[in-house]
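Some notes on the structure that comes next.
The values are calculated or read from the model by the stated rules, or taken from the named source; none is laboratory data. Source: prediction; values computed, not measured. Please note: Cβ atoms are built from the backbone with ideal geometry, for glycine as well, and neighbour counts cover all protein chains shown.
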Amino acid sequence: MTPESAGGRTRPVPRAVPSAWGALGLLLSAWTVFEAVKHLGLTVPCAVIGLLLPFLARLAPGRAAVRHALLRVWIPLALMVVCSAIPGPPEDTAAPFTLGMAWLTHLALRRARERHTDASRPDRHRTGEGRRPAA
């Protein structure tokens, strides 16, 4: 599935896409708070780190690969899946699971907030292209 039409222009994003990201972000934020309060300990700092981790993309030195990796949805999702698949008590994997969930929360809310006509481009979240100008 490609975002480009035959004419080379990108398709506009339906309103449902940012709304879906927003709904997912709100659900994940409530779930992150629930997990942090339920398990306490290292889960609380991991939740805070997970929420702030995508901001580090701006501070990443050198190549864009680090910035691109920090703003991908698949990495925190994979972290959550791996933590869920590890056998044993949930207290052992609660902190990294919550970190991944908070990271995914940030990305979902970020994608819901951005308004683009070319939102189907996969790199729009990594480059900052098309952001609203500062007032």
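Can you pull out every residue in the range 57-71 that is surrounded by 13 or more Cβ atoms within 10 Å (Cβ to Cβ) and touching a residue at least 12 places away in the same chain (Cβ under 8 Å)? Break it down into steps so the answer makes sense when it comes.
Pass one, the range 57-71, residues surrounded by 13 or more Cβ atoms within 10 Å (Cβ to Cβ): 57, 60, 66-71.
Ala57, Arg67, His68, Leu70, Leu71 - these are the residues of the range 57-71 that are surrounded by 13 or more Cβ atoms within 10 Å (Cβ to Cβ) and touching a residue at least 12 places away in the same chain (Cβ under 8 Å).
Would you confirm whether or not the range 52-66 contains a residue that is closer than 13 Å to Ala102 by Cα, assigned to a helix (DSSP H, G or I) and aliphatic (A, V, I, L, M)?
Yes: the range 52-66 contains one or more residues that are closer than 13 Å to Ala102 by Cα, assigned to a helix (DSSP H, G or I) and aliphatic (A, V, I, L, M).
Please return the ranges of helices (runs of 4 or more DSSP H) entirely within the range 73-135 where 1 or more residues are farther than 21 Å from Leu27 by Cβ, of a type in the set (A, V, I, L, M, F, W, C) and modelled with pLDDT of 90 or more. Outline the logic, then answer.
Values: elements: 74-85, 90-113, 124-127.
In the range 73-135, 74-85 are the helices (runs of 4 or more DSSP H) which contain 1 or more residues that are farther than 21 Å from Leu27 by Cβ, of a type in the set (A, V, I, L, M, F, W, C) and modelled with pLDDT of 90 or more.
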